[in-house]
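Every read-out reported here was derived from the displayed coordinates using simple, explicitly stated rules and does not represent laboratory data. Just so it is clear, the structure is predicted and the values come from calculations on it, not from any experiment. All Cβ positions, glycine included, derive from the backbone under ideal geometry; neighbour counts span all protein chains shown.
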Amino acid sequence: MKKIKLSVAALAIATSGFSQNVLSREDSSLLAKLEIENTAEDMIEWIINDVANGHIYQEYAETYIYNLKIIVTKARKLREENE
């Protein structure tokens, strides 16, 4: 019986902890900017791999990478301004 009470108590604490919003608006904004930056960097890697595998022309890849680097730079600048 004691184990059941402890299990129910632990489950109640865990579920109540997940239902709370622990991020402030600023933290949420910071995470979004970081996610934008990470995704753009990942896309650059994918494009480089696509060129290596012959799935995309080098000329197109250079344009995509150039634009993605601009996005990364702007996201970093915004993130650093808010830190």
Notebook entry, point to check: Which order, highest average first, do 46-59, 63-76 follow once you tally other Cβ atoms within 10 Å for each residue and take the mean per peptide?
Noted result: 63-76, 46-59
Notebook entry, point to check: So how much slack lies between residue 60 and residue 29, counting 0.36 nm per residue of separation and subtracting their Cα-Cα distance, in nm?
Noted result: 8.0 nm
Next item on the list: With label points built 7 Å along Cα→Cβ from the Cα atoms of residue 53 and residue 82, find their separation and express it in nm.
Entry: 3.3 nm
Check: Which of the aspartates and glutamates could a cross-linker bridge to residue 69, judged by Cα under 20 Å and excluding same-chain residues fewer than eight apart?
Finding: 35, 37, 41, 42, 45, 50, 59, 80, 81
